[in-house]
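Everything below concerns the one structure shown next.
Bear in mind that the values in this text are calculations on the coordinates, not laboratory data. Only a predicted model underlies this, so the values are computations on that prediction, with no experimental measurement involved. FYI the Cβ positions are ideal-geometry reconstructions off the backbone, even for glycines, and counts take in every protein chain you see.
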């Protein structure tokens with residue numbers, strides 16, 4: 001009647017819940033990690049900027065995927081990227097896509113300038129891979145919903 005005990009459908013998730021998807025993209029193998037806990041945040045009006053951070057692979061295998069050593073380097077970059085962008089719940093990692101010689105991390109953020117400054121800072125710190133990035137308005141979470 002009064003809504004006590006109902007969860008806010010537009011809240012930042014306390015923890016992430018990941019699903020792993022496998023498919024193809026332009027004939028290439030594709031692996032996607034999707035943060036299912038992000039679904040509730042997709043309706044939040046403030047988190048409407050999509051941040052994409054793409055890392056071209058240095059030595060992809062015949063399927064366009066990284067080997068073990070390069071995977072470790074990519075994991076280290078993710079470990080630098082996620083806590084910075086997610087600090088103070090400013091952004092949330094929603095997808096990690098690996099296909100065609102590339103790994104891309106997709107976040108949604110409520111603070112475009114903050115995300116831009118984090119990306120500029122990381123470009124100076126990451127030496128193992130070229131960090132390519134963009135920030136664009138995506139209030140409908142189209143990138144996330146492609147895999148939802």
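Only helical runs count toward this figure. For the chain, summing -39,500 (n - 2.57) over DSSP H runs of n ≥ 4 and dividing by all residues gives -8000 deg cm²/dmol at 222 nm.
Quote the relative contact order of the chain in percent (integer), defining contacts as alpha-carbon pairs under 8 Å separated by 6+ residues.
Values: 249 pairs, mean separation 43.0, N = 148.
In percent, rounded to a whole number, it is 29.
For volume of the Cα convex hull per residue in Å³, computed directly from the structure shown, the correct entry in [x] 119; [y] 94; [z] 103 is [x]. Peptide packing: for 114-124, 37-47, the average count of neighbouring Cβ atoms within 10 Å per residue gives the ranking 37-47, 114-124, highest mean first.
Computed from Cα atoms, the angle from the helix 68-85 axis to the main principal axis of the chain rounds to 30 degrees. Among 97-108, 82-93, 49-60, 23-34, sorting by the average number of other beta carbon atoms lying within 10 angstrom of each residue, highest first, gives 97-108, 49-60, 82-93, 23-34. The long axis of helix 112-125 is offset from the longest Cα principal axis of the chain by roughly 30 degrees.
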